[in-house]
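> My questions all concern the structure below.
Coordinate-derived values only; no laboratory data. Computed from a prediction, not measured in an experiment: that's the story for all the values here. Heads up, the Cβs are rebuilt from the backbone with ideal geometry, glycines too, and the neighbour counts pull from every protein chain shown.
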Amino acid sequence: MKRQVDVKYADAPPRVQSIYDEIKSVTGAPDVLNVFKALGTNENTLFAAWTKLRFTVFAGDVPMLLKQLVLFNISARARNEYCTALHGNLALSLDKTLTCDELSRMSHGDVIERLPLSYQVAIETVTKAAFEGKDVAADEIPLDAQLRDEGFSEREVDELLALASLGTMMNTITSIFEIPLEQPFPPAA
């Protein structure tokens, strides 16, 4: 049985409200995502998940679109409806030329050829890291070298590889909770 929790702002203790306020401030959203409301019963767990997401997604040098495409791809391949919808919709909002069909094909191993080659390599490389973990160490060309070969700095390589662990963590959390989607994917026309 899945766990279903939804701690609204008005019902949250002061420390959770403070974290919710920080989330809204950093994201610029009028409300916190349902995934954070599901974690609202424990301020330490909520803070840990938010902090990892904040400094992996909202900070750093890697473009937000690339981060969202990586997280979408990880989530779609994990067949996680919540995270797939969230990151797919965010990617579509960041690049109005992207289509749902392109994202769907990407999640099945195709490439979006009009994306820069560095994006294509990063999406596939980080997705591989998320699913194959230690097995990627046996690759002939290490993943970090593949990313550096595409022009990513050491700092960007670290940011990209951190997306693998974030995607895995958030997909696990959202699979445990019955979290309603903020918006379906593909979005309604």
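> Find which of Gln183, Val157, Thr97 sits farthest along the positive direction of the dipole of segment 33-189, computed with +1 on the beta-carbon of Lys and Arg, -1 on that of Asp and Glu, about the Cα centre.
Value: Gln183.
> Placing +1 at every Lys and Arg Cβ and -1 at every Asp and Glu Cβ, with all other atoms neutral, what dipole size does segment 64-176 have around its Cα centre, in debye to the nearest 20?
On the way: 10 positive and 18 negative charges, 87 e Å.
Dipole size: approximately 420 debye.
> I've got another one for you. Among Ser25, Ser153, Ser75, which comes first, then next, by fewest other beta-carbon atoms within 10 Å?
Details: Ser25 9, Ser153 12, Ser75 27.
Ranking Ser25, Ser153, Ser75 by Cβ neighbours within 10 Å, fewest first, gives Ser25, Ser153, Ser75.
> Moving on. In terms of the Cα gyration tensor, with a ≥ b ≥ c the square roots of its eigenvalues, is segment 64-176 rounded because a/c is under 1.5, prolate because a/b exceeds b/c, or oblate? Could you put the intermediate results ahead of the total?
Numbers: a/c = 1.73, a/b = 1.20, b/c = 1.44.
Oblate, since a/c reaches 1.5 and b/c is not below a/b.
> Asp31 versus Gln4, label points 7 Å from Cα toward the beta carbon: distance in nm?
So the two model labels end up 1.6 nm from each other.
> Filter the chain for me: DSSP H helices, axial length by Cα at least 18 angstrom, mean Kyte-Doolittle hydropathy not below 0.0. List them by residue number.
On the way: long enough: 14-27 (20 Å, -0.48); 43-57 (20 Å, 0.17); 64-77 (20 Å, 1.01); 81-94 (19 Å, 0.56); 117-132 (22 Å, 0.44); 154-176 (34 Å, 0.42).
In the chain, the long hydrophobic H runs are 43-57, 64-77, 81-94, 117-132, 154-176.
> Hey, how many Å between the Cα centroid of segment 29-91 and the Cα centroid of segment 102-122?
20 Å
> Go through Lys67/Lys96; Lys24/Lys128; Lys52/Lys128; Lys37/Lys128 and tell me which ones have a Cα-Cα distance over 27 Å in this structure. Each step should come with its number before you reach the end.
Details: Lys67/Lys96 16 Å; Lys24/Lys128 32 Å; Lys52/Lys128 20 Å; Lys37/Lys128 30 Å.
Over 27 Å Cα-Cα: Lys24/Lys128; Lys37/Lys128.
> Quick one: dipole size for the chain, taken about the Cα centre, charges +1 on Lys/Arg Cβ and -1 on Asp/Glu Cβ, in debye to the nearest 20.
Around 640 debye, computed over the chain.
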